[in-house]
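The values are calculated or read from the model by the stated rules, or taken from the named source; none is laboratory data. Small disclaimer: the values here were computed from a predicted structure and weren't measured. Virtual Cβ from ideal backbone geometry, glycine too; neighbours counted across all protein chains shown.
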Amino acid sequence: MRSFALVGKAILIESASEVRQLWKEAYNAYFPGEGDRANAAFVRVDVDRMELWIRGLTPEPFGLRPTTLERGAEGVWRLTSGDRKAA
């Protein structure tokens, strides 16, 4: 079992020109028709914190608290205490 939460600033990208630039052929399986693709959007997330629930990495008893990584001002990720609540 693996779960995660990403915390940070999110930007919704929905302009047709930007969506076309980011689009990959593989996405057509999920958005098969033109109408489906016309309503597609992307979300760009500048992640500041990750909360991870991964067996073998997350402290036991599993599921009570995540393993938390935070990005510092210099952009380097660091492990923080696991006693934060999930976002």
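Okay, here's what the table says:
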{"read-out": "Selection count, the stretch 29-46, where residues are surrounded by 12 or more Cβ atoms within 10 Å (Cβ to Cβ) and either over 21 Å from the mean Cα position of the chain (by Cα) or among the acidic types (Asp, Glu) (or both)", "value": "2"}
{"read-out": "Residue check for residue 56: out of contact with any Lys or Arg (no Cβ under 9 Å at 6 or more places or on another chain) and either hydroxyl-bearing (Ser, Thr, Tyr) or modelled with pLDDT under 90 (or both)", "value": "yes"}
{"read-out": "Strands (runs of 3 or more DSSP E) within the stretch 1-78 that include 2 or more residues touching a His at 6+ places or on another chain (Cβ under 7 Å), touching a residue at least 40 places away in the same chain (Cβ under 8 Å) and not aliphatic (A, V, I, L, M)", "value": "none"}
